[in-house]
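Some notes on the structure that comes next.
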Amino acid sequence: MSEIIFKNILKEFETFLQSQKPSSTQAMKKACELIDQNLDYYNWTGFYMVSQTEERMLELGPYVGSKTEHTKIPFGKGICGQTAESQDTFIIDDVNQEDNYIACNIDVKSEIVVPMFLEEDMIGQIDIDSNKPAAFGKTDEIFLSQICLLISQVIKNEKNV
Ligand code: SME
């Protein structure tokens, strides 16, 4: 039952945020680690953040999983770029059926990308690959939105310092 695992990860993550007061980079790294350690169908977990220097560009943030050469993704390109453009979650059951998809690893079968907001602004996204087909659904989306919300609160506090 993933729901129980999601709940436990969120609890552990919130405790980490409250006790360690991490930077946003440390918080994103920790979220990737907790997800990677606890959810076996999440095979690559990482963040792409909206570039502060380049227009309509995503930059790779913390991640856990195999190394990727896609450290920058323009808005509109691949699943991540389409998520940035539409500001909506993308759930892809079979990445091989997608024309606008950037492959990182031939083992990947399905993907979910959930946008991260700071108030109304889209500031980044969490991207998960699975080696299992159609691995993701609504409960994953809700869980990942909660992770993004917690991280955006860390980013908000950082900006106010
Ligand atoms: N598959 C993504 C690219 C990022 S990798 O999965 C790490 C996409 O199509 O945008």
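Sorting K7, K30, K77 by accessible area puts them as K7, K77, K30; the probe is 1.4 Å, largest comes first, and only protein heavy atoms count. Protein-only accessible surface at a 1.4 angstrom probe places the residues F75, F6 in the order F75, F6, largest first.
Residues whose amide H falls under 5 Å from that of I123, counting only those 5 or more places apart or on a different chain, are M116, F117, L118, with hydrogens built in the peptide plane. The residues of segment 1-135 present an accessible area of 53 Å² per residue when probed at 1.4 Å with all protein chains retained. Give me the percent of accessible area attributable to carbon and sulfur for segment 52-123, probe 1.4 angstrom. C and S fraction of accessible area: 44 percent. Can you return the lysines within cross-link range of K77? Criterion is Cα-Cα under 25 Å, with same-chain partners fewer than 8 residues away left out. Leaving aside lysines fewer than 8 places away in the same chain, those within reach of K77 are K29, K67, K109, K132, K138.
Rolling a 1.4 Å probe across all protein chains gives K156 an accessible area of roughly 80 Å². Here the dipole of segment 1-126 is about 500 debye; that uses its Cα centre as origin and unit charges on the Cβ of Lys and Arg (positive) and Asp and Glu (negative).
Taking a ≥ b ≥ c as the square roots of the Cα gyration tensor eigenvalues, the chain comes out oblate, since a/c reaches at least 1.5 and a/b does not exceed b/c. Between amide H atoms placed 1.01 Å from N, distances below 5 Å from G61 occur with F47, Y48, M49, all of them 5 or more places distant or on a separate chain. Annotation: peptides 49-59, 117-127, ranked by per-residue average of other Cβ atoms within 10 Å with the highest first, follow the order 117-127, 49-59. Show me the helices of the chain, taken as full DSSP H stretches, that run 20 Å or more along their long axis by Cα and average -1.0 or above in Kyte-Doolittle hydropathy. Sorted by number, the helices that extend far enough and score high enough are 2-20, 24-38, 138-160. Of all aspartates and glutamates in the structure, the ones whose alpha carbon falls short of 18 Å from that of K156, not counting any fewer than 8 places away in one chain, are E14, E119, E120, D121. Suppose only helical runs count, i.e. DSSP H with n ≥ 4. What mean residue ellipticity at 222 nm does that imply for the chain under -39500 (n - 2.57) per run, divided by all residues and rounded to the nearest 500 deg cm²/dmol? -13500 deg cm²/dmol, from helical runs alone.
The values are calculated or read from the model by the stated rules, or taken from the named source; none is laboratory data. All values derive from a computational prediction rather than experimental measurement. No Cβ is skipped: glycine too gets one built from the backbone with ideal geometry, and neighbour counts run over all protein chains shown. Protein only, heavy atoms only, side chains kept; ligands, DNA and RNA dropped before computing areas. Shrake-Rupley method; radii C 1.70, N 1.55, O 1.52, S 1.80 Å.
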